[in-house]
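To start, the structure under review is shown below, and the notes come after it.
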Amino acid sequence: MARMVIGLVVLFSLLAGCASQPASSPQQIEAALNKNAGPVDQYILGPNDVVQVSVWRNQDLSVSVPIRPDGRISVPLVGDVVAAGLTPEELADDVQDKLEQYIRQPQVSVVVTGMNSHEFTDRVRVTGAVQSPMTMPFRDGMTVMDVVLSAGGANPFADLNNAMLYRPMGKEVVAIPVKLDDILTRGDIATNYRLLPGDILTVPERSF
């Protein structure tokens, strides 16, 4: 749950202050652009995920439950158990430990049947002077131009070559300049960067 809360704080902070945030240092930009999505080694549970908790030879203790907004699930005998932020294996171990005071040598397994928490974190967003500001699911290989075109393109007031791509990097957010006019009208794709989950592209309006 902490990951989702942090994501919400970062997103709303960005949307409130993107227009005035200057570009990050060349070193920060280089590190951000060298970041890649990479393979997911372990699935981390989050709110709205649905898990099947199975207790071997104790069907009455086995449940299929969603993870609540507070990051917990309810398990028979045990009561509320923290699930968000854990892997399914860690949750199974925790439930198993808690059940030991009620039944002998419990064997618990946890299977994720609904992966819903990543609907928020694994998205990209485009805001500002575009026809339809929007959020969309991340797809491997998508680029700056892809999200701009998906948003209907820029509006007539867009300051295209002062667009900015904001990328979360740990506890900071890196601001990467994007030359949209060069991309869309001149065919210069030097700043048509590949996107990562959590990226926000902001297109400012021209000053008149």
Options S64, S74: the member that is farther than 30 Å from P197 by Cα, surrounded by fewer than 16 Cβ atoms within 10 Å (Cβ to Cβ) and touching a strand residue (DSSP E or B) at 6+ places or on another chain (Cβ under 8 Å)
S74
Taking segment 57-102, which residues are among the β-branched types (V, I, T), in a strand (DSSP E or B) and either touching a Phe, Trp or Tyr at 6+ places or on another chain (Cβ under 7 Å) or within 24 Å of F120 (Cα to Cα) (or both)?
V65, I73, V81, V82
Taking P88 as the residue in question, decide whether it is open to solvent by less than 50 Å² (accessible area, probe 1.4 Å) and touching a helix residue (DSSP H, G or I) at 6+ places or on another chain (Cβ under 6 Å).
no
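For residues that are part of a strand (DSSP E or B) and of a type in the set (K, R), scanning just segment 167-208, find the one that is least open to solvent (accessible area, probe 1.4 Å). So that I can check it myself, show each step before the final result.
First, pick out the residues of segment 167-208 that are part of a strand (DSSP E or B): 167-169, 172-178, 194, 200-203, 205.
Going one step further and asking which of them are of a type in the set (K, R), we end up with 167, 194.
Details: R167: 5, R194: 144 Å².
That would be R167.
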Of (1) under 30 Å from V147 (Cβ atoms); (2) hydroxyl-bearing (S, T, Y); (3) modelled with pLDDT of 95 or more, T121 fails just (3)
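State yes or no: is S132 in a strand (DSSP E or B) and hydroxyl-bearing (S, T, Y)? Let's see the steps before the verdict.
On the way: in a strand (DSSP E or B): no; hydroxyl-bearing (S, T, Y): yes.
For S132, the condition - in a strand (DSSP E or B) and hydroxyl-bearing (S, T, Y) - is not met.
I need the full set of residues from segment 43-57 which are hydrophobic (A, V, I, L, M, F, W, C) and within 29 Å of the chain's Cα centre (by Cα), in order please. Before the answer, list the steps.
Taking segment 43-57 and keeping what is hydrophobic (A, V, I, L, M, F, W, C), we get 44-45, 50-51, 53, 55-56.
Correct list: I44, L45, V50, V51, V53.
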For segment 103-121, give me each residue that is open to solvent by 40 Å² or more (accessible area, probe 1.4 Å), part of a loop (DSSP other than H, G, I, E, B) and closer than 19 Å to N58 by Cβ.
R104, Q105, Q107
Give D146, D188, D159 a once-over and let me know the one that is in contact with a helix residue (DSSP H, G or I) (Cβ under 8 Å, 6 or more places away or on another chain), modelled with pLDDT of 95 or more and farther than 30 Å from K98 by Cβ.
D188
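The values are calculated or read from the model by the stated rules, or taken from the named source; none is laboratory data. Quick caveat, the model's predicted, so the values are computed rather than measured. Reconstructed Cβ throughout: ideal geometry from the backbone, glycine too, with neighbour counts over all protein chains shown. Each accessible area value is taken on the protein alone, full model and side chains, heavy atoms only, with ligands, DNA and RNA left out. Shrake-Rupley method; radii C 1.70, N 1.55, O 1.52, S 1.80 Å.
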